[in-house]
Amino acid sequence: MPCPFLKEGRARYCHAAPVRKLILDGPGVAGGGRCASPDYLKCDLVGKDETRQNRCPHLEEIRVQYCGVSSVTKLVPFSDSQISSCMSNSYRYCDSYLTLARPHASSATASLQYAPNHLWLDVEESGLCHVGLDGFLADVAGSIDGVTFVTLRGTHCPALALTIHGVEWPITFPNPMMIQKVNTRVRSDPTRLAADPYGAGWLFEGWELPGRTRTGLVAGEQAAAWQAEERERLASEIHELQPVACDGGAPVRGVAQLLPRQNLVCVLQHFFSKRDWTVEE
Ligand code: SF4
C-alpha cells in the first residue's frame with residue numbers, strides 16, 4: 001500500500017538541455033510557457049534550421065510522483081518510483097510520515113516476524129526489510145539512554161548495543177541481511193526506541209537475503225503465544241528478583257529502571273541475548 005501522502009502529477013522537461021530539470025504542471029503553473037508555443041524557436045537550445053511547429057519537439061511530458069508533505073518537492077518519474085519506500089508499506093518508517101502520524105506510536109503489524117532476542121523483521125514484497133526492537137523489550141526498558149550501531153552497511157547480522165539504566169547491552173539480529181542504512185535519528189534521540197519501537201524507533205533498513213534473512217523467525221499466532229509466554233516468564237523472574245517492581249503480578253513498564261545492576265544484567269541475559277526459542281516451533 002502506498003503512503004497516503006504520496007501524490008501523482010505530470011511534469012515536463014527539456015531533453016535538449018544539458019541537465020534534466022523536471023517542472024511540475026498544475027494549477028497556477030503555466031503549462032509549458034514558451035516551450036509549448038511557437039515561440040520556442042527563440043530558445044538558444046533550438047537549432048535555427050528546425051521546422052516551425054506549435055510546440056517545441058524537445059519538450060517532454062511524463063508522469064511523476066512526489067511527497068505532498070515534504071518541504072522540498074522532489075519529483076520522481078513514475079518509471080523510477082516503483083521501488084521507492086513511498087510506494088510500499090515501508091512509508092511507516094519515513095520521518096515525514098511519522099511526524100504527521102504522531103503523537104500515536106505505531107503498532108505491531110501482523111506481518112512482523114520475530115527473533116528470540118526480541119527483535120522484529122518486516123519484509124516487503126520487494127525484499128526491502130526493516131529491523132527493530134519489539135514492544136516487550138521496550139516495555140522492560142521503559143526508556144533507552146543510548147544506542148551504538150556496530151554494523152552500518154553491507155551483508156551482516158545487524159548488531160548494536162543499547163544503554164539501559166547504565167548497562168550497555170549488545171544485541172544482534174540472528175540472521176544476515178544486506179544493510180543499506182541505519183536509523184541515525186535514534187542516535188540523537190534514543191527515546192524513540194522505547195516510545196515507538198515499531199515506527200520511529202526502527203533500527204536497520206536493507207535487503208533480504210533469500211533463504212537466510214527469515215530463517216527460524218516466528219510470526220502470527222506462534223509469535224503471539226511466544227510473547228505471552230515471555231511475559232509470564234518475566235513476571236515470575238521479576239517476582240523473585242524484585243517483588244516491588246510488580247503491579248498486580250505483572251512487572252511495571254520500565255522495570256529495568258528499578259532493578260539493581262546485577263539483577264538487570266540477569267534479566268538482559270535471560271531475555272535479550274542470543275538464544276533459542278522457549279516455545280515449541
Ligand atoms: S516521503 Fe514519506 S511522507 Fe512523503 S510520500 Fe514518501 S513515505 Fe510518504
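The values are calculated or read from the model by the stated rules, or taken from the named source; none is laboratory data. Since the model is a prediction, treat every value here as computed from it, not as a measurement. Here Cβ is always computed from backbone atoms with ideal geometry, including for glycine, and neighbour counts include all displayed protein chains.
Answer yes if at least one residue in segment 233-251 is within 26 Å of the chain's Cα centre (by Cα) and assigned to a strand (DSSP E or B), and no otherwise.
Residues of segment 233-251 that are within 26 Å of the chain's Cα centre (by Cα), as a first pass: none.
Within segment 233-251, none of the residues are within 26 Å of the chain's Cα centre (by Cα) and assigned to a strand (DSSP E or B).
Which residue pairs have Cβ atoms closer than 8 Å, lie 6 or more positions apart in sequence or on different chains, and pair a first residue in segment 84-102 that is in a helix (DSSP H, G or I) with a second residue that is basic (Lys, Arg) and more than 8 Å from the ligand (Cβ to nearest atom)?
Asp95/Arg185; Leu98/Arg92
Can you run down the residue pairs with Cβ atoms below 9 Å, 6 or more apart or on separate chains, where the first is in segment 1-23 and under 24 Å from Ser85 (Cα atoms) and the partner is surrounded by 15 or more Cβ atoms within 10 Å (Cβ to Cβ) and of a type in the set (Lys, Arg)?
Sorted first by the residue in segment 1-23, then by its partner, the pairs are Cys3/Arg92; Leu22/Arg12; Ile23/Arg12.
Of everything in segment 104-125, what is of a type in the set (D, E, K, R) and either assigned to a loop (DSSP other than H, G, I, E, B) or more than 14 Å from the chain's Cα centre (by Cα) (or both)? Give them in sequence order.
The answer is Glu124, Glu125.
Would you call Ala256 within 14 Å of Asp139 (Cβ to Cβ), part of a helix (DSSP H, G or I) and out of contact with any Phe, Trp or Tyr (no Cβ under 8 Å at 6 or more places or on another chain)? Let's see the steps before the verdict.
On the way: within 14 Å of Asp139 (Cβ to Cβ): yes; part of a helix (DSSP H, G or I): yes; out of contact with any Phe, Trp or Tyr (no Cβ under 8 Å at 6 or more places or on another chain): yes.
Here the answer is yes, as Ala256 does meet what is asked.
Any residue in segment 199-217 that is in contact (Cβ under 8 Å) with a residue 12 or more places away in the chain and among the aliphatic types (A, V, I, L, M) sitting within a Cβ distance under 6 Å of a residue that is buried (at least 16 other Cβ atoms within 10 Å of the Cβ) and outside any strand (DSSP E or B)? List the pairs, counting only those 6 or more apart or interchain.
Within 6 Å, the pairs are Ala200/Leu98; Ala200/Arg192; Leu203/Asn183; Leu209/Pro176; Leu217/Ala115.
Take the residues of segment 51-83 that are touching a residue at least 60 places away in the same chain (Cβ under 8 Å) and over 30 Å from Asp39 (Cβ atoms): which is nearest to the ligand (Cβ to nearest atom)?
It comes out as Cys67.
Go through (1) in a loop (DSSP other than H, G, I, E, B); (2) under 18 Å from Arg275 (Cα atoms) for Ala161 and report which single condition fails.
That leaves (1) as the condition not met.
This table checks each residue for (1) surrounded by fewer than 19 Cβ atoms within 10 Å (Cβ to Cβ); (2) in contact with an Asp or Glu (Cβ under 9 Å, 6 or more places away or on another chain); (3) closer than 19 Å to Ser126 by Cα.
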position: Phe173; (1), (2), (3): no, no, no
position: Arg187; (1), (2), (3): yes, no, no
position: Arg192; (1), (2), (3): no, no, no
position: Ala200; (1), (2), (3): no, yes, no
position: Glu205; (1), (2), (3): no, no, yes
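Out of (1) under 24 Å from Arg275 (Cβ atoms); (2) in a strand (DSSP E or B); (3) not small (Gly, Ala, Ser), the odd one out for Glu205 is which?
Glu205 satisfies every listed condition except (1).
Before we move on, is Leu98 away from the ligand (no atom under 12 Å from the Cβ), under 17 Å from the mean Cα position of the chain (by Cα) and aliphatic (A, V, I, L, M)? Steps first, please.
On the way: away from the ligand (no atom under 12 Å from the Cβ): no; under 17 Å from the mean Cα position of the chain (by Cα): yes; aliphatic (A, V, I, L, M): yes.
Here the answer is no, as Leu98 does not meet what is asked.
Would you check if there is a residue in segment 111-123 being within 16 Å of the ligand (Cβ to nearest atom) and assigned by TED's automatic domain parsing to the domain that holds Gln222? Talk me through it step by step, then tell me what you get.
We begin by selecting, within segment 111-123, every residue within 16 Å of the ligand (Cβ to nearest atom); these are 122.
Next, only the ones that are assigned by TED's automatic domain parsing to the domain that holds Gln222 stay: 122.
Within segment 111-123, one or more residues are within 16 Å of the ligand (Cβ to nearest atom) and assigned by TED's automatic domain parsing to the domain that holds Gln222.
Do the conditions hold for Thr51, that is, is it of a type outside the set (Gly, Ala, Ser), assigned to a loop (DSSP other than H, G, I, E, B) and surrounded by fewer than 20 Cβ atoms within 10 Å (Cβ to Cβ)? Lay out the reasoning, then the answer.
Values: of a type outside the set (Gly, Ala, Ser): yes; assigned to a loop (DSSP other than H, G, I, E, B): yes; surrounded by fewer than 20 Cβ atoms within 10 Å (Cβ to Cβ): yes.
For Thr51, the condition - of a type outside the set (Gly, Ala, Ser), assigned to a loop (DSSP other than H, G, I, E, B) and surrounded by fewer than 20 Cβ atoms within 10 Å (Cβ to Cβ) - is met.
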